[in-house]
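Read through the structure below, which is laid out as structure tokens, and then see the notes.
Laboratory data are not the source of any read-out in this text; all were calculated from the coordinates shown. All values derive from a computational prediction rather than experimental measurement. Neighbour counts run over all protein chains shown; Cβ positions are idealised from the backbone, glycine included.
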Amino acid sequence: MKEKNVIVAGMQWGDEGKGKIVDYIASKFDAVIRFQGGNNAGHTVYKNDKCYKLSIIPSGVLTTNTINVIGAGCVLDIVHLNNEIEELTKNGAVISPDNLLISSKCNIILSIHKNLDCIHEELRGIDDKIGTTCKGIGPCYEDKVARRGLKLYDLYGETASLKKKIDILLMHHNIIMKGLEKPLYKVEDIISELSIISSLLPYIKDNDKIAEILSNRSMIFEGSQGVMLDNDHGTYPFVTSSNTLPNGIFTNIPDLLSSDDIKNDYMKLGVIKAYTTRVGSGLLPTEETGILGNYLQKQGNEFGTVSGRKRRCGWFDAVSAQYAIKIGKFSHIALTKMDILDGLDKVKICIGYKDKCDDITINDASETIPIYEELDGWGATHHAKSLDQLDNNAKNYIKRIEVLLGIPVVLISTGQENNDIIDLI
Ligand code: IMP
Ligand code: MG
């Protein structure tokens, strides 16, 4: 790879396989940096016959000598992070303040956020719920924007000033608790919940220290979720609460980028599955609820890593992918889970919707009835490591995607193991 830095981000509704792609390229870079989201993200990485589950920890953590940063713009559940470090360590990963740095500017997810996330979902009712991961992501970002959230650096200072900040936070949350006729939160409870921070303190660094450690290093910026879940440009309101687009690095972690970095052209690697999935409610134009949907769900093991929910499945949607490229400015594609479509007689690609509209995210299901193109299926791509191992129909499918999207496919994932990949970079 000739680029110094690369951004890896999802082009669909999350779960595109970004974790595997980041893990695959991580050894070619010095650092992997997360810049948005929290432990709503879920990456499953298969490496050396082991299965690792990553949520908030960047996917470079399984690579020796790679620095991993949970950057500003992320929201951090410190209780969860402790557990994630413990689980990964049990599984053989090596995690220490040498290879995991956390920005002191991250906002903290508290149990009050997780409770509120569940309460909101319950009150919306079965037909209108967002289908969040209930990890407190939305309420934490709400408090951040409303300027009453707690940041990690708030935990360093005087207890009196922390208490005052918690008072301000609870002023808001207790109005809600009162309205719901539920017990009110107490400052002491929040302080005791935060006491777990002591084991994480060695990981937390101010941004100028992180910038110093990262200076002149090559970096992967690891996005979570995907374009269609972006708070401004996704299928609102069925979206997450952060901006998931690659350009988020310029607002969230500008201090980690040198002026040279900003001038240079990055590789903006969009990760996209060879079909489509979504977990949670909202528009999914190519969704198949019958035999094919079930087949993809089973074959692709399409269960949410975080919530265990079944993912909704359907054919590849070139229209939403074209939109993702327009909004996300992707330059290259990593096509994942190609092998899940192996052995099908025919495969379909959505090349248009019956009601044409440039911004598909403001449409509803009745306006996005897919127009399909049918292609012949292929034999086996499973475990393929080079294009020569694919038959012509498999190659045609990839070519057709490249033509429809107008940017090159440079990585093709053909199985769950780290080396099940065709690398054309
Ligand atoms: P939240 O991010 O937990 O608030 O959930 C909002 C929506 O985004 C729900 O539909 C979730 O299922 C979805 N979502 C959040 N994170 C991910 C992810 O990492 N992969 C897939 N879907 C996600
Ligand atoms: Mg996931």
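Tabulated results
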read-out	value
Once the Cα gyration tensor of the range 150-224 is diagonalised, semi-axes √(5λ) in Å	34, 16, 11
Shape category assigned to the range 1-115 from the gyration tensor of Cα positions, a/c cut at 1.5	rounded
Computed Rg/Rh of the range 107-199, alpha carbon atoms with Kirkwood Rh	0.99
Ratio Rg/Rh, restricted to the range 273-423 and using Cα atoms, in which Rh is the Kirkwood radius	0.95
Residue-averaged [θ]222 nm for the chain, counting only DSSP H segments that reach four residues, each worth -39500 (n - 2.57)	-9000 deg cm²/dmol
Principal-axis tilt of helix 159-179 within the chain, Cα atoms, nearest 10 degrees	70 degrees
28 Å Cα-Cα threshold exceeded, pairs from 329/354; 28/310; 28/337	28/310
Loop-exposed GluC sites (Glu not before Pro) per DSSP, neighbour cap 16 Cβ within 10 angstrom, longest uninterrupted part of the chain	182-425
Percent RCO, i.e. relative contact order, over the chain, from Cα pairs under 8 Å lying at least 6 residues apart	19 percent
Quarter of Cα convex hull surface for the chain, i.e. mean projection, nm²	20.3 nm²
GNM flexibility winner over the chain from 413, 259, 224 (Cα, springs under 10 Å)	259
Amide H partners (placed H, <5 Å) of residue 69, local residues excluded	32, 33, 34, 101
Net lengthening on full extension, residue 154/residue 359 (0.36 nm per residue, minus Cα-Cα)	69.7 nm
Spatial separation of Cα centroids for the range 319-385 and the range 165-193, in angstrom	46 Å
Note, ³J(HN,Hα) from phi for the range 396-402, Karplus 6.51, -1.76, 1.60, rounded to Hz, x at Gly and Pro	4, 4, 5, 4, 4, 5, 4
Simple Cβ-charge dipole of the range 151-208, Lys/Arg +1 and Asp/Glu -1, about Cα centre, in debye nearest 20	160 debye
Bridge type composition, the range 6-126 - antiparallel percent by DSSP, nearest 5	30 percent
